[in-house]
1. Principal axis lengths of the stretch 155-293 from Cα atoms, whole Å, largest first?
2. Quote the convex hull volume per residue of the stretch 2-131, based on C-alpha atoms, as a whole number of Å³.
3. Between Ile69 and Phe85, what length in nm is gained on full extension when 0.36 nm per residue of separation is reduced by their alpha carbon distance?
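Where a number appears in this text, it was derived from the coordinates with a stated rule and is not lab data. Quantities reported herein were computed from a predicted structural model and do not represent experimental measurements.
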Amino acid sequence: MKVMIVDDHAGVRTMIRQLLAAPGDSFVECATGEEAVKKARDFKPDYVTMDVRLPDLSGLQAARAIRAIHPPSRVIIVTSYDQPFLRQSARELGAIAYVLKDNLAELRSLLSREAISSSASSPASGQALETAPTSDPADPGSPGSSCTVPTDPLIEAGLKPEKPTSSSVDHLLRVLMVEDNKNDCELILRQLMRCGFEPRVRRVDNGAELQRALEQDFWDIIITDHNLPTFSGAEAIALIRNIGLNIPTLCVTGSADPAKITEIIAAGAYAVISKDDLAPLCAAVTRALQRGASQSEPPGHSASGDDGVKQD
């Protein structure tokens, strides 16, 4: 099948592509509505995953234009906004489903059901929007709920790297992730596995949870976002240092604001990695671990007189 992925966040596009990729499928990624409309003329997608909020056209406008260009295109709205009027608008333009970004794994099962149903019959456009399972944000255990990041606070990643290389470190990595976005957490987790790590991850998104995690377990490395709902990455690093722990801490952020990057580096981040380009993450983690191994104390313990994470 031919799939067009429309989202202005490169990390989300990557996640969707990884979830849906199968032999023989082809994909086109677009960061804006206008780009998607333009590419739809030649690509003629079978399916379109469409964000609602885009830099130019709204996702609903872009979806409507794409269906006018290529009526067989089946649109799936993929958004963080669970609003009744948006669902109604999606239904009216003929979208087959409405999926929340907290539950991107739902896309894979949705397209599997679509493939089965289309081989038997072709449902009327827009009907699947009523029946496609969507999670209840107030009840993460609801029947339609699914998440690619396990909800258990401690998870064991039972996957091996897809293409092991000579640089693969191939060992258990205890990662404390300070991140409020489950999808970004999943992308970082996958990147670590590609490096050869076997990550054991705990995700927290506020200061109280971070402090509990630091008190309850030992960690090889901490990866923090910079912008969090209730505090910042700089505050997270300050909390780690105030407790007296010397754990290498990296910042993986979607912000390109020089002032914010300067702030997190000044706070003591070992490295700053862009969420839109996770390729440097492997080398940064490896260097951070090597630095930890060269210290007199194991990662997670402060040497006497060390006042925190050293800057790179």
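1. 37, 33, 28
2. 96
3. 3.3 nm
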